[in-house]
Amino acid sequence: MISRRDFLQASMAASAIVGASGFGNWSRLAAQQALSQDQLLEFDTFGNVTLMHLTDIHAQLVPIYFREPSVNFGVGPNRGEVPHLTGAEFRRFYGIEDGSPSHYALTSGDFTALARAYGRMGGLDRIATVVNAIRADRPDALLLDGGDTWHGSYTCYHTAGQDMVNAMNGLRPDAMTFHWEFTLGQERVREIVEGLPFAALGQNIFDATWDEPAEHFKPYQFFERGGTKIAVIGQAFPYMPIANPGWMFPDYSFGIRDENMQAMVDEVRAQGAELVVCLSHNGFDVDKKMAGIVTGIDVILSGHTHDALPEPVLVGDTIIVASGSNGKFVSRVDLDVSDGRMMGFRHKLIPIFSDVIAPDPEMTALVQAQRAPFEAELKEVIGQTDTLLYRRGNFNGSWDDLICEALLSERDAEIALSPGVRWGPSLIPGQDITREDIWNVTELTYPEAYRTEMTGEYLKVVLEDVADNIFNPDPYYQQGGDMVRTGGLGYRIDISKPQGERISDMTLLKTGERIDPARAYVVTGWASVNEGTEGPPIWDVVESHIRKQGTVTVPDNTSVEVADR
Amino acid sequence: MQFTRRETLALGAGAALVTVLPFRANAAIEDHVAEFTGGAEVAEGGVTLTAPEIAENGNTVPIEVAAEGASAIMVLAAGNPTPPVATFNFGPMAGAHRASTRIRLAGTQDIIAIAKLADGSFARASQEVKVTIGG
């Protein structure tokens with residue numbers, strides 16, 4: 001029987017590209033049940049160009065737990081395809097042994113026990129050690145940041161992203177693209193970008209008035225590395241003004257703009273680019289579709305959907321690399337570029353096990369300097385948890401269940417809505433819940449916990465609208481989040497149906513009654529994209545609720561029924 | 001919170017969508033097409049329609065149409081109360097056969113472009129533009 005790995009290599013040989021991933025090596029580590037920094041960094045330097053990819057850190061400067069999803073459906077052409085495999089299915093697909101470090105880092109099962117065994121992941125000082133080691137191998141390696149960097153923590157909020165800018169500058173990236181950064185507001189983004197010592201890229205960042213490329217963001221940047229002319233083209237998150245409050249950055253328009261992407265690829269090739277890299281915040285399925293439409297991209301470094309894949313996915317002659325989130329991973333991609341084209345690659349998804357990789361002292365000091373002014377607030381213990389608190393999953397996560405519970409009780413409402421974002425680290429049972437932990441899962445610049453009335457009919461429109469953003473079979477119509485989380489409201493969803501027909505059996509859980517389309521319900525939620533939303537910040541709501549509980553216990557959520565497809 | 005008037009309007013518009021969404025080409029649209037083409041056959045391709053997959057703001061959606069050597073390009077918004085958006089006519093001296101504008105869309109629907117090409121034949125392109133509650 002042909003193994004998954006043989007198959008990958010066979011298909012690459014067919015397209016005249018020779019490739020190898022660090023996956024085989026990972027497998028051996030897993031078998032040994034032992035890890036060392038040398039093993040994690042072990043890499044047989046290859047070719048003449050090295051790329052390092054880091055994405056979706058969400059301002060997590062210090063090591064965290066982060067449970068990967070157990071529910072992540074693919075639709076249309078991506079049904080059952082990577083990255084829509086989870087848990088044991090994912091492990092079987094990549095030959096990962098149960099209970100191994102790879103199991104812990106990449107999948108969801110037995111998370112609490114494995115988290116206790118293998119410890120936290122990430123930390124910018126550990127990442128610095130990895131980056132420095134790769135630079136020792138290949139001094140001119142490119143470090144590319146896929147964005148969602150200046151968002152997601154207490155310190156990031158209180159410094160308007162400056163903590164992340166300062167810390168990342170210590171890593172010396174070569175280029176970056178964007179998403180949540182824009183929720184700092186366009187003036188602040190421009191202010192930071194003007195001072196960045198590296199390229200701020202986005203071929204799809206346009207001036208909203210004139211519909212032409214925006215002044216502060218270049219579409220691409222050339223680099224001369226390893227005797228090779230490399231073009232890095234940026235691709236920001238396409239649906240920012242829809243998924244996030246557009247009024248915070250009214251001067252900008254985005255979109256996928258794949259025809260402009262093709263024009264940029266052609267332009268850089270005409271200027272002699274031998275290697276074309278797309279630094280993307282499209283999300284994985286969108287990148288996959290784009291790779292099949294735009295010709296001439298060698299490597300897509302994919303961010304936004306937080307997928308971590310131990311091997312690149314090949315579409316035509318393009319390899320797509322997905323590097324996870326929250327600082328859990330750094331991807332290293334070595335490339336052989338000769339005769340003006342990519343001849344082969346070697347890849348490794350390096351897991352940042354914080355107890356295995358030694359922190360880089362300089363970066364530790366830099367991170368500490370960002371956190372020191374806020375240390376007392378960050379460390380204040382608000383309560384404890386008896387339950388594993390995590391967020392990832394298409395329909396619910398225990399963190400969001402807790403947030404919905406807090407909203408319902410603190411805002412005295414019948415139904416709570418919590419956005420289906422994919423950021424926010426996990427806490428394991430027995431852990432203290434600190435203020436920092438609460439902010440890590442709630443921080444954004446439009447935190448008002450509103451209280452309003454919505455009719456049953458409108459609630460259905462909301463659920464249908466969000467469901468189509470995730471389950472539209474055409475990836476270009478997907479925005480890359482998860483389903484809006486509901487508290488006090490149960491429903492049934494058939495993801496294979498078209499918009500307007502997916503949601504049924506909406507039930508008010510308090511009474512067990514069906515939702516009446518004509519009745520008005522008291523609804524609370526947070527992260528509204530509407531300007532002028534009023535209410536206390538969500539982190540205050542959650543903190544107050546947890547204080548009253550002391551120790552929180554979150555029961556299993558059975559309120560969403562996913563139809564058997 | 002109190003919803004502002006604008007948001008209330010937005011909510012109302014969203015609620016209206018549920019019954020009629022998405023708008024597709026129908027008989028009325030085909031009548032407009034037949035009127036433009038005089039009933040001639042319309043081939044797929046040969047005209048380029050550029051529009052966002054998801055509108056950032058349904059009230060002002062940038063679109064562009066182009067067809068090499070076309071003498072006219074008609075644009076229809078299949079789901080608008082008044083589907084004909086514009087017909088761009090290009091004279092013999094036209095340097096480019098391309099036009100861009102911004103259009104208002106009542107909801108998620110197909111945008112259709114029909115071009116009359118130099119040889120008198122007709123070409124068609126269409127794309128779904130999604131208008132979300134937020135957008």
May I ask you to verify whether A:Ala416 is small (Gly, Ala, Ser), out of contact with any strand residue (DSSP E or B) (no Cβ under 7 Å at 6 or more places or on another chain) and in contact (Cβ under 8 Å) with a residue 40 or more places away in the chain?
no
Flag if A:Met290 is farther than 30 Å from A:Arg91 by Cβ and in the same structural domain as A:Phe182 (by TED's automatic domain parsing):
no
Mind listing whichever residues of segment A:234-277 are in contact with a strand residue (DSSP E or B) (Cβ under 8 Å, 6 or more places away or on another chain), within 13 Å of chain B (Cβ to nearest Cβ) and free of Cβ contacts under 8 Å to residues at least 40 places away in the same chain?
A:Pro241, A:Glu259
Picking from A:Ala133, A:Ala160, A:Ala167, the residue that is modelled with pLDDT of 95 or more, surrounded by 22 or more Cβ atoms within 10 Å (Cβ to Cβ), assigned by TED's automatic domain parsing to the domain that holds A:Thr228 and of a type in the set (A, V, I, L, M) would be A:Ala167
Quickly run through segment A:526-565 and pick out the residues that are assigned to a loop (DSSP other than H, G, I, E, B), surrounded by 15 or more Cβ atoms within 10 Å (Cβ to Cβ) and within 14 Å of chain B (Cβ to nearest Cβ).
A:Trp526, A:Ala527, A:Ser528, A:Val529, A:Asn530, A:Thr533, A:Gly535, A:Pro536
For the subset of segment B:111-135 comprising residues that are within 13 Å of chain A (Cβ to nearest Cβ) and charged (D, E, K, R), which member is nearest to A:Pro245 (Cα to Cα)?
B:Lys130
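Scan A:Val529, A:Val522 and give me the residue that is touching a strand residue (DSSP E or B) at 6+ places or on another chain (Cβ under 7 Å), in contact (Cβ under 8 Å) with a residue 24 or more places away in the chain and at negative phi. Working first, answer last.
On the way: A:Val529 fails: touching a strand residue (DSSP E or B) at 6+ places or on another chain (Cβ under 7 Å).
Step by step, each of A:Val529, A:Val522 is checked, and only A:Val522 is touching a strand residue (DSSP E or B) at 6+ places or on another chain (Cβ under 7 Å), in contact (Cβ under 8 Å) with a residue 24 or more places away in the chain and at negative phi.
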Just checking, does segment A:401-420 include any residue being crowded, with 23+ Cβ neighbours inside 10 Å and under 30 Å from A:Arg225 (Cα atoms)?
no
When residues of segment B:56-74 are filtered for being more than 14 Å from chain A (Cβ to nearest Cβ) and crowded, with 22+ Cβ neighbours inside 10 Å, how many remain?
4
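For A:Asn469, are the conditions met, namely being crowded, with 22+ Cβ neighbours inside 10 Å, within 14 Å of chain B (Cβ to nearest Cβ) and touching a strand residue (DSSP E or B) at 6+ places or on another chain (Cβ under 9 Å)? Reasoning before the result, please.
On the way: crowded, with 22+ Cβ neighbours inside 10 Å: yes; within 14 Å of chain B (Cβ to nearest Cβ): yes; touching a strand residue (DSSP E or B) at 6+ places or on another chain (Cβ under 9 Å): yes.
Yes.
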Among residues of segment A:435-466 being more than 14 Å from chain B (Cβ to nearest Cβ) and touching a strand residue (DSSP E or B) at 6+ places or on another chain (Cβ under 7 Å), the residue nearest to A:Ile57 (Cα to Cα) is A:Asp437
Selection count where residues are in a loop (DSSP other than H, G, I, E, B) and on the phi > 0 side of the Ramachandran plot, scope segment A:61-116
4
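Condition check ((1) surrounded by fewer than 24 Cβ atoms within 10 Å (Cβ to Cβ); (2) modelled with pLDDT of 95 or more; (3) in a strand (DSSP E or B)) across all residues:
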{"residue": "A:Glu267", "(1), (2), (3)": "yes, yes, no"}
{"residue": "A:Gly272", "(1), (2), (3)": "yes, yes, no"}
{"residue": "A:Asn282", "(1), (2), (3)": "no, yes, no"}
{"residue": "A:Asp285", "(1), (2), (3)": "no, yes, no"}
{"residue": "A:Lys288", "(1), (2), (3)": "yes, yes, no"}
{"residue": "A:Ile300", "(1), (2), (3)": "no, yes, yes"}
{"residue": "A:His304", "(1), (2), (3)": "no, yes, no"}
{"residue": "A:Val321", "(1), (2), (3)": "no, yes, yes"}
{"residue": "A:Asn326", "(1), (2), (3)": "no, yes, no"}
For segment B:29-55, what are the residues that are crowded, with 20+ Cβ neighbours inside 10 Å and among the charged types (D, E, K, R)?
B:Glu53
Of all residues being buried (at least 24 other Cβ atoms within 10 Å of the Cβ) and part of a loop (DSSP other than H, G, I, E, B) in segment A:377-391, which is nearest to the chain's Cα centre (by Cα)? Just the residue, please.
A:Arg391
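Is at least one residue of segment A:252-262 more than 30 Å from A:Phe353 (Cβ to Cβ), assigned to a strand (DSSP E or B) and in the same structural domain as A:Pro77 (by TED's automatic domain parsing)? Reasoning before the result, please.
Residues of segment A:252-262 that are more than 30 Å from A:Phe353 (Cβ to Cβ), as a first pass: A:252-262.
With assigned to a strand (DSSP E or B) added as a condition, the list becomes A:252-253.
When the remaining residues are screened for being in the same structural domain as A:Pro77 (by TED's automatic domain parsing), the result is A:252-253.
Yes, there is a match, as at least one residue in segment A:252-262 is more than 30 Å from A:Phe353 (Cβ to Cβ), assigned to a strand (DSSP E or B) and in the same structural domain as A:Pro77 (by TED's automatic domain parsing).
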Cβ pairs under 7 Å, 6+ apart or interchain, first in segment A:283-302 and under 20 Å from B:Ile54 (Cα atoms), second among the charged types (D, E, K, R) and buried (at least 24 other Cβ atoms within 10 Å of the Cβ), ordered by first then second residue, are A:Phe284/A:Asp307
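For the structure I just gave you, tell me whether A:Phe178 is more than 14 Å from every other protein chain (Cβ to nearest Cβ) and under 20 Å from the mean Cα position of the chain (by Cα).
Details: more than 14 Å from every other protein chain (Cβ to nearest Cβ): yes; under 20 Å from the mean Cα position of the chain (by Cα): yes.
The answer is yes for A:Phe178.
Do you know which residues across segment A:201-242 are in a strand (DSSP E or B), hydrophobic (A, V, I, L, M, F, W, C) and surrounded by fewer than 23 Cβ atoms within 10 Å (Cβ to Cβ)?
Residues of segment A:201-242 in a strand (DSSP E or B): A:201, A:206-207, A:212-213, A:218, A:220-225, A:228-235.
With hydrophobic (A, V, I, L, M, F, W, C) added as a condition, the list becomes A:201, A:206, A:222-223, A:230-233.
If the condition is that a residue be in a strand (DSSP E or B), hydrophobic (A, V, I, L, M, F, W, C) and surrounded by fewer than 23 Cβ atoms within 10 Å (Cβ to Cβ), then A:Phe206, A:Phe222, A:Phe223 are the ones that fit.
Hand me the list of strands (runs of 3 or more DSSP E) wholly inside segment B:38-92 holding 1 or more residues that are without any contact (Cβ under 8 Å) to a residue 60 or more places away in the chain and under 11 Å from the mean Cα position of the chain (by Cα).
Numbers: elements: B:42-44, B:48-50, B:61-66, B:72-77, B:84-89.
Result: B:48-50, B:61-66, B:72-77, B:84-89.
The values are calculated or read from the model by the stated rules, or taken from the named source; none is laboratory data. Quantities reported herein were computed from a predicted structural model and do not represent experimental measurements. We place every Cβ from the backbone using ideal geometry, glycine too, and count neighbours over all the protein chains shown.
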